[in-house]
Amino acid sequence: MLGCKNILSFLLVLISLVSFGQQVVDLSHQNLTEIPDSLKPKKELASLILTGNPLKSLPEWLTELPVLKSLVLDEIWTLPVIASFKLLSNCPALTELSWQKGKLIFLPASISEFNSLRHLNLSHNGLIK
């Protein structure tokens, strides 16, 4: 459950994205095994929410979205962790990544390759210090 502070932060990001004409797409709980290619030409896509989908992989074209700042992969257990982190480390504008309740048990080395990432939420996973 998100706290009030997290909800407020999310709403502020959402408002700022909408005010600059950048697009937020929420495809949560749609039973998607892949991200629809119809999003590929959406160069203004700034936030993509994919919570609760049984995705098998992330498409390479995510790295071609110039303003994709926020990606939410919460409650997704089916993505390959190493390949997903490697691909996402090449997203030029990605500053926020949330992968809560993903049953992650390790953090891949490619986490150090994220150049723009400012907020990483991996809560409620199986990560051990």
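The values are calculated or read from the model by the stated rules, or taken from the named source; none is laboratory data. All figures in this text were calculated on a predicted structure; none of them were measured in a lab. Quick reminder, even Gly has a Cβ in these numbers, built from the backbone with ideal geometry, and neighbours come from all protein chains shown. Just the protein is used for accessible areas: all its heavy atoms, side chains included, with ligands, DNA and RNA removed. Shrake-Rupley method; radii C 1.70, N 1.55, O 1.52, S 1.80 Å.
Considering only residues that are in a loop (DSSP other than H, G, I, E, B) and either within 23 Å of ALA109 (Cβ to Cβ) or among the aliphatic types (A, V, I, L, M) (or both), which ones fall in segment 44-73?
LEU50, LEU55, LYS56, SER57, LEU58, PRO59, LEU65, VAL67, LEU68, LEU73 - these are the residues of segment 44-73 that are in a loop (DSSP other than H, G, I, E, B) and either within 23 Å of ALA109 (Cβ to Cβ) or among the aliphatic types (A, V, I, L, M) (or both).
From the set of residues in segment 1-43 that are more than 13 Å from the chain's Cα centre (by Cα), in a loop (DSSP other than H, G, I, E, B) and surrounded by 14 or more Cβ atoms within 10 Å (Cβ to Cβ), which is modelled with the highest pLDDT?
Out of the qualifying residues, it is LEU32.
Report, ordered by the first and then the second residue, all pairs with beta carbons closer than 8 Å, sequence separation of six or more or different chains, a first member in segment 100-122 that is under 20 Å from ILE76 (Cα atoms), and a second member that is open to solvent by less than 50 Å² (accessible area, probe 1.4 Å) and of a type in the set (D, E, K, R).
Filtered contacts from segment 100-122: GLN100/ASP74; LYS101/ASP74; GLY102/ASP74.
Looking at segment 43-70 only, could you name the residues that are under 17 Å from VAL81 (Cβ atoms) and of a type in the set (A, V, I, L, M, F, W, C)?
Those that are under 17 Å from VAL81 (Cβ atoms) and of a type in the set (A, V, I, L, M, F, W, C): LEU50, LEU55, LEU58, LEU62.
Go through (1) outside any loop (DSSP other than H, G, I, E, B); (2) touching a Lys or Arg at 6+ places or on another chain (Cβ under 8 Å) and name the single condition PHE85 misses.
The one condition PHE85 does not meet is (2).
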